[in-house]
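Here's the structure we're looking at; comments come further down.
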Amino acid sequence: MCQELLLEFFSEEIPARFQKKAISDSKKIFAKILKDYGAKFSDIETYVSPRRIAVRVLSLEEKTQDMSEEKRGPKVSAPANAIKGFLRSNNKVKTDLIEKGGYYYLNIETKGQSISEIINDVIEDFIAQMPWQKSMRWYVEEEKSLSAFWVRPLRSILCVFGGKVIETYIKSVGITTGNYTFGHRFLAPGKIIVTNFNDYMGKLEESHVIVDFFKKREYIDREITQKAGAMGLCLNLDQGLLDEVAGLVEYPFIHIGAIKEEFMSLPPVVLSTSMKVHQKYFTLTYPDSVIAPFFATVTNVPGTEVMYEGLERVLRARLSDAVFFYKEDTDVTLEAFAQRLSNVVFHEKLGSIAQKVDRMMSIADSREEHRAIALCKADLMTQMVGEFPELQGVMGEIYAQVQGEEPEVCQAIREHYKPNGANDSLPITKTGARVAFFDKLDTLVGFLGVGIYPTGSKDPFALRRSALCVVRLLCDFGGNLLDGEKLSWYIETLMNSYSEQGVALEDNTPEEVKKFLVDRLKIYMSDKFGVEMQIIEAVVSSLSDTDFDYRSVIEKVQRLHDLFQLGGYQIVKEAYKRAVGVVGDAVVAQCTVENLKFANEDMEKLHSDVVRLRSGDKENFNLFVDASNSVLRACDNVLINDPDATIKEKNLQLLKAYVDEVNTYLGNI
């Protein structure tokens, strides 16, 4: 019989920035745990709000399935004590051992159990496995010890299965599960008894708690839009701010406040950023997108006149600071700010920001590029960017406009930070793209040149992101970005600039930088076009010059992607993958393929097709299809890595010849 399982983990406030990810993480983890126990169910829904995670399991069978698993033990040659320990820990005897591949195995059978019997272990596993970005422990009085890790201290755990409570003591957090939860901290803090999911959701909404994150987010968007629309205004929706605000309140109450006219002379981006960063207020605009002297805010309790006045008073204080910063900054030229960059360290091994600017100058060409580079980092020294680091580049453009710089220079100052990742927009102007390229390439040359590389998932200097951005610029702007020079020229010129500044880089830096970029290029193409890595590798390996045009490689991969959707190409793709997998990294001796002789019928047919392919019309794709069909038959029917070394060598030579022909074809597309 199938029933609904409802769990709720009620805690102190979960940080807003953790909640959206916790929805998907909790669903994935809980599903995995149930499947590991052999439980059968139709679906899992998870919900997160500031003080709770709710898990709903639909159509969960009352008893788990019987399971059998093959458990690997010690090697056959292991000491006797190790083998005895393996048997003892699994309550087995020596006759139960199965020898396979040089190891001992045991068949472990687990009888099905009721949900009430396993629920304690399921909850403990979920608490232990939930991957919070940051977590903490607290003192558990009942256990006289610290708790398990959780995002914030847990206060209660609700557990209802089939409408009935399952009471079980969760030792890791010192809590006995029950059938109750709690409403809004301030508006309805009392205990709420629930029997199922619909009862749970309904009673919580009556108690001013919206548990569904996405429903709450939609409600905030709709309410602000309606209230602003009644005033002839539009919501300038910031998705990140909407997510954050939805994670801050249990039940949203919307208020439209006013901004004093004296602050409206600030640049719109300063106004909106100050409201967003400091106060979590939404920007409102007129229908023509001009920023309006109003804001929208979301509170966790109904507002009062005193509260509304407080919200506006705090904003006035923040905007007064912004006015002061803006005035102070505009009283100083960007050149003056740029002169202070010598006091800012880029990296202890690579010198100051001012030295980075000098290196970028060494590879610049036009007057606009030199001017943009001279000013592009100056706003790092301004008070506004000191207060709002996310405005670097943006404030540089604004201050450059104030002091009358050319429009292309102003735009390049902002654009040189683009793209800032895989999904960020690219620069529009050539000057902006070139300065962005110089900036990111200098970073890669410097860090890789002194031996600083990303390790595993750790990339503290965002070198992978810098490389991806360089790849995107090279792919989008092509030869225009390099302006007639090769990539090597830019790398070597930057290396010379580092040397002149007293920074010694490794001699193999050009090769390392280009290899690092090519690795990012491969991943970028794989993600963007969904092409298998073997095909991308074939295209790249067919290019002998490491200074190849990235855009042309992208175009070639795109053409291949289209080609492989057609009939016959799937056969070639599959055969190529299998041949590459069989040949692997083996060192295959050079030979005249036409002179090879084979006793095996399948290998002889493959030999005939490969010889015909090598001597025939390379534009006749049917020759590749015929040879590929022969490759697939040979791989299915023939032991390529024959125990006889001579036969093995000939087999590999023939497959290698086929791979080479496909690589050549791919390289010529």
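Values quoted throughout were computed directly from the atomic coordinates according to the rules given, and no laboratory measurement underlies them. None of these values were measured; they are calculated from a predicted model. As a convention, Cβ positions derive from the backbone with ideal geometry for all residues, glycine included, and neighbour counts pool all protein chains shown.
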- Message: A 21 angstrom limit on the alpha carbon distance is what I want to check against. Which of K27/K191; K28/K577; K35/K528; K28/K134; K40/K164 exceed it?
- Response: K27/K191; K28/K577; K35/K528
- Task: List the lysines whose Cα lies under 21 Å from the Cα of K94, skipping any in the same chain that are fewer than 8 positions away.
- Result: K71, K75, K84
- Pseudo-spin-label distance S77 to D96, built 7 Å along Cα→Cβ, given in nm, is 2.7 nm
- Message: Can you work out the Karplus-derived ³J(HN,Hα) for every residue in segment 120-125? Use 6.51 cos²θ - 1.76 cosθ + 1.60 with θ = phi - 60°, whole Hz, and x for glycine or proline.
- Response: 4, 5, 4, 5, 4, 5
- Query: Restricting the count to DSSP beta bridges whose residues both fall in segment 37-184, what percent are antiparallel, rounded to a multiple of 5?
  - Reply: 95 percent
- Segment R222-Q570, length gained on full extension (0.36 nm per residue, minus Cα span): 120.4 nm
- Enumerate the aspartates and glutamates that K276 could reach by cross-link, defined here as Cα to Cα under 16 Å, with residues fewer than 8 away along the same chain left out. D221, D238, D243, E244, E312, D321, E387, E390
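Please state the relative contact order of the chain as a whole percent: Cα pairs under 8 Å, 6+ residues apart?
7 percent
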- Message: Can you match Rg and Dmax of the Cα atoms in Å to one of these, [x] 30.7, 94; [y] 34.2, 106; [z] 32.6, 95, based on a calculation from the structure here?
- Response: [z]
- Note on the structure: Dimensionless Rg/Rh of segment 318-360, both radii on Cα and Rh by Kirkwood, sits at 1.17
- Message: For segment 334-553, what does the relative contact order come out to in percent, with C-alpha contacts under 8 Å and a separation of six or more?
- Response: 18 percent
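Sequence gap at least 6, Cα distance under 8 Å: using those rules, report the relative contact order of segment 564-668 to the nearest whole percent.
Averaging sequence separation for qualifying contacts and normalising by length gives 39 percent for segment 564-668.
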- Query: Which lysines have a Cα lying under 20 Å from the Cα of K171, excluding residues fewer than 8 positions away in the same chain?
  - Reply: K144
- Item | Proportion of all alpha-carbon pairs of segment 334-553 beyond 28 Å (%) | 27 percent
- Message: Quick check: pseudo-label points 7 Å beyond the Cα along Cα→Cβ at K528 and S289, how many nm apart are they?
- Response: 2.6 nm
- What does the convex hull of the alpha-carbon atoms of segment 403-466 project to on average, in nm²? 5.3 nm²
- Note on the structure: Each label sits 7 Å from Cα toward the beta-carbon; between A589 and K32 the label points are separated, in nm, by 4.9 nm
- Message: Run the numbers for N508 and K40: contour at 0.36 nm per residue of separation, minus the present Cα-Cα distance, in nm.
- Response: 162.8 nm
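Could you estimate the translational diffusion coefficient of segment 574-669 from the Stokes-Einstein equation, with Rh from the Kirkwood formula over C-alpha pairs, at 20 °C and 1.002 mPa s, in whole µm²/s?
162 µm²/s
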- Item | Burial order of peptide ranges 398-404, 143-149 (average beta-carbon count within 10 Å, highest first) | 398-404, 143-149
- Task: Once every Cα of segment 213-330 carries one equal point scatterer and solvent is ignored, give the base-10 log of I(q)/I(0) from the Debye formula at q = 0.14, 0.18, 0.19 Å⁻¹, two decimals.
- Result: -0.56, -0.92, -1.02
- Item | Ratio of Rg to Rh over segment 66-148 (Cα coordinates, Kirkwood Rh, two decimals) | 1.15
